[in-house]
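Presented below is the structure to which this report refers.
The values are calculated or read from the model by the stated rules, or taken from the named source; none is laboratory data. A quick note: this is a predicted structure, and the numbers were derived from the prediction, not measured. A quick note on method: Cβ atoms are made from the backbone with ideal geometry, for glycine too, and the neighbour counts reach across all protein chains shown. Each accessible area value is taken on the protein alone, full model and side chains, heavy atoms only, with ligands, DNA and RNA left out. Shrake-Rupley method; radii C 1.70, N 1.55, O 1.52, S 1.80 Å.
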Amino acid sequence: MNDPTSIRRLYGRRQGHKLRQGQAALVEDLLPVVSIPDEGVLDAPTLFGDARPLEFEIGFGGGEHLAGQAAMRPDHGFIGCEPFLNGVVGALNHIRDGELENVRLHMGDALEALERVPDASLERVYLLHPDPWRKARHAKRRMVNDGPLDMIAAKLKPGGEFRLGTDDPTYCRWSMMVMRGRRDFAWQVETAQDFLTRPDDWPETRYERKARRQGHEVWYFRYLRL
């Protein structure tokens, strides 16, 4: 595996608009309850007190998909990572409103949290609408690169699933090229419609809705860990 320090992502500002009073209260009261611990192994017994299956979302945005998955499978545990405070607030709203007890959050670099997950312990890893870093000179910053993918592969169980979604044509082509060169993932596709149609167990995100309003196609990739 590549040196993890060489595959860190660079983020912009971590907060957008100023938080309202209720949002600030969520951050103060609920975030400490559902945050992952600062140190140590991130396994199911540590996070949830049992041996339930674990799933991991890299950059959950506003938290719609994370909360939707958690609601569908209350017997699974979910770790969601997002560096931006306003996105974390969105997830906290979903956790509170849905009374979700099977979600843990990390406001920061997803790869730092993923490193602490035991190898071969994740059922699924999600990477939905990541920053495309469209300029060629920034390609090395894309999450779909061999360094991060090596880590994702290591943390997934054999037969575990890596899901990738994007509406950016450059990122779509790049991802297909990079993933085609890997021998540890098998693309679950038979026809073009297979990655143009959102699976039933793939909750829609605000980014997808925005992309469709703008007339963009959205691509859905599913890979099994060999």
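Which longest uninterrupted range of the chain lacks any trypsin sites (Lys or Arg not before Pro) assigned by DSSP to a loop state (not H, G, I, E or B) and surrounded by at most 16 other Cβ atoms within 10 Å?
Working: sites that count: Arg8, Arg13, Arg14, Lys18, Arg20, Arg134, Lys135, Arg182, Arg183.
Between the exposed loop sites, the longest stretch runs 21-133.
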In whole Å, largest first, what are the principal axis extents of the Cα atoms in segment 41-86? 30, 25, 13
Mind jotting down the three principal axis lengths of segment 95-218 based on Cα atoms? Whole angstrom, largest first. 38, 36, 32
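Quick check: net charge around Pro118, other residues with Cβ under 12 Å of its Cβ, Lys/Arg +1 and Asp/Glu -1? Show your work: numbers first, answer last.
Numbers: positive: Arg116, Lys155, Lys157; negative: Asp43, Glu115, Asp119.
That works out to 0.
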Can you list residues whose amide H is under 5 Å from Ile79's amide H, if they're 5+ apart or on another chain and H is modeled 1.01 Å from N? Glu55, Phe56, Glu57, Arg104
Just to confirm a number: summing +1 for Lys and Arg and -1 for Asp and Glu over residues other than Val178 whose beta-carbon lies under 9 angstrom from that of Val178, what do you get? +2
Hey, which aspartates and glutamates would be in cross-link range of Lys155, C-alpha to C-alpha under 17 Å, not counting anything within fewer than 8 residues on its own chain? Asp3, Asp43, Glu55, Glu57, Asp109, Glu112, Glu115, Asp119, Glu123, Asp146, Asp184
Calculate how many DSSP beta bridges within the chain are antiparallel, expressed in % of all such bridges and rounded to the nearest 5. 30 percent
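State the percentage of accessible surface on the chain attributable to carbon and sulfur atoms; use a 1.4 Å probe and exclude ligands, DNA and RNA. Can you show the working numbers first?
Details: 5560 of 11170 Å².
Here it works out to 50 percent.
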Computed FRET efficiency, Cβ-Cβ of Glu101 and Ala186, R0 41 Å: what is it to the nearest 0.05? 0.75
Within straight cross-link reach of Lys135, meaning Cα distance under 14 Å, which aspartates and glutamates are found once same-chain residues fewer than 8 apart are removed? Asp168
